[in-house]
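Here is the structure we will look at.
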Amino acid sequence: MKETSLCYIYRGDEVLMLHRTRKKNDLNEGKWIGIGGHFEENESPEDCVLREVTEETGLVLTEYQYRGIVTFVSDRYEGEHMHLFTATEFEGTLKEDCPEGDPVWISKEKQKNLPQWEGDAIFLALLDDGAPFFSLKLEYEGEILRRAVLNGTVLQEK
(Lines give C-alpha, C1' and ligand atoms only; values in the text may rest on other atoms or scores of the structure.)
Protein backbone atom coordinates (compact mmCIF):
# COMPACT_ATOMS: atom_id res chain seq x y z
CA MET A 1 0.00 0.00 0.00
CA LYS A 2 1.44 3.38 -0.96
CA GLU A 3 1.70 6.32 1.44
CA THR A 4 0.86 9.86 0.35
CA SER A 5 0.17 13.27 1.88
CA LEU A 6 -2.37 15.78 0.59
CA CYS A 7 -2.93 19.38 1.70
CA TYR A 8 -5.75 21.84 1.19
CA ILE A 9 -4.27 25.34 1.51
CA TYR A 10 -6.75 28.08 2.43
CA ARG A 11 -6.53 31.81 1.72
CA GLY A 12 -9.61 33.52 3.10
CA ASP A 13 -12.61 31.87 1.42
CA GLU A 14 -10.43 30.30 -1.30
CA VAL A 15 -8.62 26.98 -1.48
CA LEU A 16 -5.62 26.10 -3.64
CA MET A 17 -6.52 23.23 -5.97
CA LEU A 18 -4.46 21.40 -8.57
CA HIS A 19 -6.20 20.65 -11.87
CA ARG A 20 -4.47 17.44 -12.94
CA THR A 21 -3.81 17.89 -16.66
CA ARG A 22 -0.11 17.25 -17.36
CA LYS A 23 1.11 13.96 -15.85
CA LYS A 24 1.19 10.86 -18.08
CA ASN A 25 -0.89 7.85 -16.96
CA ASP A 26 -2.39 9.85 -14.09
CA LEU A 27 -5.23 8.16 -12.20
CA ASN A 28 -6.33 11.70 -11.23
CA GLU A 29 -6.31 13.01 -14.81
CA GLY A 30 -8.84 15.80 -15.33
CA LYS A 31 -9.75 15.95 -11.64
CA TRP A 32 -9.21 18.78 -9.16
CA ILE A 33 -7.38 17.73 -5.99
CA GLY A 34 -5.36 19.24 -3.17
CA ILE A 35 -1.58 19.56 -3.23
CA GLY A 36 0.54 16.53 -2.39
CA GLY A 37 2.14 13.29 -3.46
CA HIS A 38 4.03 10.13 -2.54
CA PHE A 39 6.34 9.64 0.43
CA GLU A 40 10.05 9.43 -0.21
CA GLU A 41 12.28 7.09 1.79
CA ASN A 42 12.24 7.82 5.55
CA GLU A 43 9.72 10.70 5.30
CA SER A 44 7.04 11.34 7.88
CA PRO A 45 3.62 12.55 6.73
CA GLU A 46 4.68 16.09 7.70
CA ASP A 47 8.00 15.83 5.83
CA CYS A 48 6.14 14.66 2.73
CA VAL A 49 3.46 17.36 2.74
CA LEU A 50 5.98 20.16 3.30
CA ARG A 51 8.20 18.91 0.45
CA GLU A 52 5.33 18.26 -1.96
CA VAL A 53 3.69 21.66 -1.38
CA THR A 54 6.96 23.46 -2.06
CA GLU A 55 7.77 21.32 -5.13
CA GLU A 56 4.32 21.70 -6.70
CA THR A 57 3.51 25.30 -5.77
CA GLY A 58 6.65 27.13 -4.67
CA LEU A 59 4.91 27.91 -1.35
CA VAL A 60 6.37 27.10 2.07
CA LEU A 61 3.80 26.16 4.72
CA THR A 62 4.20 28.00 8.02
CA GLU A 63 0.91 26.96 9.69
CA TYR A 64 -0.63 23.55 8.97
CA GLN A 65 -2.58 20.82 10.74
CA TYR A 66 -2.70 17.04 10.32
CA ARG A 67 -6.44 16.37 10.00
CA GLY A 68 -6.92 12.70 9.19
CA ILE A 69 -6.02 9.60 7.27
CA VAL A 70 -7.94 8.34 4.26
CA THR A 71 -7.55 4.72 3.16
CA PHE A 72 -8.35 4.13 -0.50
CA VAL A 73 -9.20 0.64 -1.74
CA SER A 74 -9.77 0.07 -5.45
CA ASP A 75 -10.29 -2.73 -7.92
CA ARG A 76 -8.08 -0.84 -10.42
CA TYR A 77 -5.35 0.90 -8.45
CA GLU A 78 -2.90 0.12 -5.67
CA GLY A 79 -4.25 0.79 -2.19
CA GLU A 80 -3.29 4.04 -0.56
CA HIS A 81 -3.03 5.65 2.86
CA MET A 82 -3.42 9.38 2.29
CA HIS A 83 -2.41 11.63 5.19
CA LEU A 84 -4.66 14.69 5.00
CA PHE A 85 -3.59 18.21 6.01
CA THR A 86 -4.96 21.73 5.90
CA ALA A 87 -2.90 24.91 5.93
CA THR A 88 -3.79 28.52 6.57
CA GLU A 89 -0.40 30.25 6.53
CA PHE A 90 2.38 30.12 3.97
CA GLU A 91 5.22 32.12 2.46
CA GLY A 92 6.39 32.53 -1.11
CA THR A 93 4.87 33.14 -4.51
CA LEU A 94 2.69 30.62 -6.31
CA LYS A 95 4.49 29.14 -9.30
CA GLU A 96 2.49 28.05 -12.31
CA ASP A 97 4.79 25.43 -13.83
CA CYS A 98 3.82 22.35 -11.84
CA PRO A 99 4.54 19.22 -13.96
CA GLU A 100 1.29 17.56 -12.77
CA GLY A 101 -1.23 20.31 -13.51
CA ASP A 102 -2.38 23.85 -12.91
CA PRO A 103 -2.52 25.25 -9.34
CA VAL A 104 -5.53 27.58 -9.07
CA TRP A 105 -7.13 29.49 -6.19
CA ILE A 106 -10.83 28.50 -6.18
CA SER A 107 -13.67 29.71 -3.96
CA LYS A 108 -14.79 27.07 -1.47
CA GLU A 109 -18.27 27.23 -3.00
CA LYS A 110 -16.98 26.59 -6.53
CA GLN A 111 -14.74 23.78 -5.26
CA LYS A 112 -17.79 21.60 -4.59
CA ASN A 113 -18.75 21.60 -8.29
CA LEU A 114 -15.37 20.68 -9.78
CA PRO A 115 -14.64 17.20 -11.20
CA GLN A 116 -13.29 15.23 -8.22
CA TRP A 117 -13.36 11.74 -6.84
CA GLU A 118 -16.76 11.01 -5.28
CA GLY A 119 -15.26 10.33 -1.85
CA ASP A 120 -13.48 13.70 -1.79
CA ALA A 121 -16.83 15.34 -0.96
CA ILE A 122 -16.92 13.33 2.28
CA PHE A 123 -13.53 14.38 3.62
CA LEU A 124 -13.87 17.95 2.32
CA ALA A 125 -17.12 18.26 4.32
CA LEU A 126 -15.31 16.91 7.40
CA LEU A 127 -12.57 19.52 6.92
CA ASP A 128 -15.13 22.31 6.44
CA ASP A 129 -17.02 21.22 9.57
CA GLY A 130 -13.85 21.27 11.68
CA ALA A 131 -14.10 17.56 12.47
CA PRO A 132 -11.50 16.18 14.90
CA PHE A 133 -8.82 13.85 13.55
CA PHE A 134 -10.55 11.10 11.59
CA SER A 135 -10.00 7.83 9.75
CA LEU A 136 -11.98 7.43 6.53
CA LYS A 137 -11.97 4.33 4.34
CA LEU A 138 -13.17 4.74 0.74
CA GLU A 139 -13.75 1.63 -1.39
CA TYR A 140 -14.00 2.15 -5.15
CA GLU A 141 -15.08 -0.01 -8.06
CA GLY A 142 -13.62 1.84 -11.03
CA GLU A 143 -14.54 5.45 -10.33
CA ILE A 144 -17.70 4.52 -8.40
CA LEU A 145 -17.57 4.88 -4.62
CA ARG A 146 -19.09 1.64 -3.30
CA ARG A 147 -18.49 2.05 0.42
CA ALA A 148 -17.38 4.77 2.82
CA VAL A 149 -16.54 4.08 6.47
CA LEU A 150 -15.79 6.91 8.92
CA ASN A 151 -14.14 5.98 12.22
CA GLY A 152 -15.57 2.45 11.93
CA THR A 153 -19.13 3.53 11.03
CA VAL A 154 -20.50 2.85 7.55
CA LEU A 155 -21.60 6.16 5.97
CA GLN A 156 -22.46 4.88 2.53
CA GLU A 157 -22.81 1.51 0.83
CA LYS A 158 -23.95 0.80 -2.72
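For the range 101-158, what is the relative contact order in percent, using Cα pairs closer than 8 Å and at least 6 residues apart in sequence?
Working: 47 pairs, mean separation 12.5, N = 58.
Contact order relative to length: 21 percent.
Would you calculate the volume per residue, in Å³, of the smallest convex hull containing every Cα atom of the chain?
113
Rounded to the nearest 500, what is the chain's calculated 222 nm mean residue ellipticity when only DSSP H runs of at least 4 contribute -39500 (n - 2.57) each, over all residues?
Result for the chain, helices only: -4500 deg cm²/dmol.
At 1.4 Å probe size, with every protein chain present, just tell me what the per residue accessible area of the chain comes to in Å².
That works out to 51 Å² per residue.
Let me have the relative contact order for the range 1-120, percent, based on Cα pairs under 8 Å that are six or more residues apart.
36
How much of the accessible area of the range 5-147, probe 1.4 Å, is carbon plus sulfur, in whole percent?
47
The values are calculated or read from the model by the stated rules, or taken from the named source; none is laboratory data. Nothing here was measured: the structure is a model prediction, and the numbers come from that model. For the accessible areas, the whole protein counts, side chains as well, though only heavy atoms, and no ligand, DNA or RNA atoms are used. Shrake-Rupley method; radii C 1.70, N 1.55, O 1.52, S 1.80 Å.
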